[in-house]
Protein chains: 2
Amino acid sequence: MPEYKLVYFNGRGRAELTRWIFAYGGIPYIDERYEKEEWPEKKKTISGGKLPVLIVDGKTLPQSLAIARFAAKKAGIVPDDDLEAAYCDALADTLFELIPEAYKILMSEKSEEEKKKLLREEFFPDKVYPITTRLEKRFEEKQWFVADKITWADLAIGMVIGAMLRVDSESFDKFPALVAHVNKVQDLPKIKEWLEKRPKTKF
Amino acid sequence: MPEYKLVYFNGRGRAELTRWIFAYGGIPYIDERYEKEEWPEKKKTISGGKLPVLIVDGKTLPQSLAIARFAAKKAGIVPDDDLEAAYCDALADTLFELIPEAYKILMSEKSEEEKKKLLREEFFPDKVYPITTRLEKRFEEKQWFVADKITWADLAIGMVIGAMLRVDSESFDKFPALVAHVNKVQDLPKIKEWLEKRPKTKF
């Protein structure tokens with residue numbers, strides 16, 4: 001098996017989905033984490049100068065979703081059907097577009113109360129609910145996001161929507177089928193194990 | 001063969017790569033284009049409410065790069081090797097991140113001279129040259145972006161970097177191998193034919 005080294009800041013963010021995928025697939029990797037203060041120095045050593053990267057036997061692969069999709073192939077959770085695979089890709093893109101917008105609010109200097117107000121009055125209704133409304137409808141009928149087995153799209157839902165539930169679960173009360181799906185994914189033994197042992201970072 | 005309908009605004013932007021891929025693969029599709037004025041009405045008919053979408057036998061696939069990757073599989077220009085496929089994915093992500101930033105400048109109310117100044121003093125050096133510098137090095141040695149045959153990453157380079165060359169070719173004089181690669185891609189007979197027959201829009 002090749003040596004995998006996943007390099008990211010000491011946080012979850014855009015690397016966390018790949019960590020879930022590796023955990024789910026039981027694929028060993030080096031989980032290298034930089035502190036923000038180290039980054040200006042470390043940046044020079046990273047081809048392309050952006051994180052995350054996955055280093056595969058010394059070759060550097062950038063872009064969080066290219067990395068996650070690659071890991072998902074290795075874990076056997078990319079559909080064989082081209083259109084089903086494309087639906088997973090599209091959902092991962094759509095969910096990852098939310099990350100920088102959520103961080104902009106959560107990492108801001110605002111008070112916790114102001115952040116909650118922004119999330120509840122703008123971010124959730126404008127950006128998130130159009131997506132969760134469609135997912136809710138899907139999980140009222142289906143066991144998994146596509147076809148009839150788990151794919152990396154389910155892990156992406158568990159990771160991204162799960163993070164929002166941790167921030168403000170009440171705001172998702174109207175999506176019970178989706179919340180149940182997030183819980184189902186987080187209760188998968190390999191994922192549960194990862195959630196218990198992962199480093200305790202805020203985001 | 002399934003019926004493909006690609007829906008986007010009447011412009012190039014985030015749909016154009018898929019048009020190149022379909023052209024390269026000789027895959028027939030309906031190239032449906034909306035005018036901006038029609039959009040508020042049409043938006044209600046599009047699942048997810050964002051363009052582009054690819055409608056495959058009535059099923060709607062969103063997200064420009066999920067669409068392009070799907071089309072590329074149908075055209076036979078996605079590498080079989082997982083890591084090579086991931087390099088194509090990563091490059092497409094990296095190039096497409098440039099599109100909204102370029103549009104923000106090009107579509108602004110600024111004068112042509114101010115736009116050129118912004119491109120030359122900020123956008124190109126800060127955002128584009130780190131990428132084109134790596135691509136230049138690659139094309140000094142290699143015929144194609146990965147492996148030894150064309151992939152959709154080469155079409156993405158031809159499309160995105162080609163658009164920048166049209167805006168300001170002088171600014172890319174220091175990347176002769178990359179410019180030659182863009183020209184090589186644009187001279188592929190199927191691509192050339194598309195470039196000649198495509199609707200004349202500004203972007």
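Just checking, does the range B:114-125 include any residue being more than 18 Å from the chain's Cα centre (by Cα) and under 19 Å from B:H181 (Cβ atoms)? No: zero hits.
Within the range B:35-64, how many residues turn out to be of a type in the set (S, T, N, Q) and in a strand (DSSP E or B)?
Filtering the range B:35-64 for residues of a type in the set (S, T, N, Q) gives B:45, B:47, B:60, B:63-64.
Still in the running and in a strand (DSSP E or B): B:60.
Here the count works out to 1.
Outside any helix (DSSP H, G or I), surrounded by 13 or more Cβ atoms within 10 Å (Cβ to Cβ) and within 14 Å of another protein chain (Cβ to nearest Cβ): does that describe B:V128?
Values: outside any helix (DSSP H, G or I): no; surrounded by 13 or more Cβ atoms within 10 Å (Cβ to Cβ): yes; within 14 Å of another protein chain (Cβ to nearest Cβ): yes.
Taking the combined requirement at face value, the residue does not satisfy it.
Looking across the range B:132-184 at every residue that is aromatic (F, W, Y) and assigned to a helix (DSSP H, G or I), the one that is surrounded by the fewest Cβ atoms within 10 Å (Cβ to Cβ) is identified as B:F172. Annotation note: Cβ proximity below 6 Å between a residue of the range A:51-69 that is within 16 Å of A:G11 (Cβ to Cβ) and more than 10 Å from every other protein chain (Cβ to nearest Cβ) and a residue that is part of a loop (DSSP other than H, G, I, E, B) and of a type in the set (S, T, N, Q) (sequence gap 6+ or interchain) occurs for no pair. When the range A:5-34 is filtered for residues that are in a strand (DSSP E or B) and closer than 23 Å to A:D93 by Cβ, the ones remaining, listed by number, are A:L6, A:V7, A:Y8, A:F9. Of the candidates A:E121, A:E109, the single residue that is assigned to a helix (DSSP H, G or I) and surrounded by fewer than 21 Cβ atoms within 10 Å (Cβ to Cβ) is A:E121.
Checked against (1) within 27 Å of A:S47 (Cβ to Cβ); (2) more than 12 Å from chain B (Cβ to nearest Cβ); (3) surrounded by fewer than 16 Cβ atoms within 10 Å (Cβ to Cβ), A:E97 passes all but condition (2).
Here A:E41 clears all of (1) exposed (fewer than 15 other Cβ atoms within 10 Å of the Cβ); (2) under 28 Å from B:G76 (Cα atoms) except the condition numbered (2). For the range B:186-203, the tally of residues that are surrounded by 17 or more Cβ atoms within 10 Å (Cβ to Cβ) and within 23 Å of B:P100 (Cα to Cα) stands at 1.
Each value in this text was obtained by applying a stated rule to the coordinates, not by laboratory testing. Please read these numbers as outputs of a predicted model, since none were measured by experiment. Cβ sites come from the backbone with ideal geometry, for glycine too, and all protein chains shown count toward neighbours.
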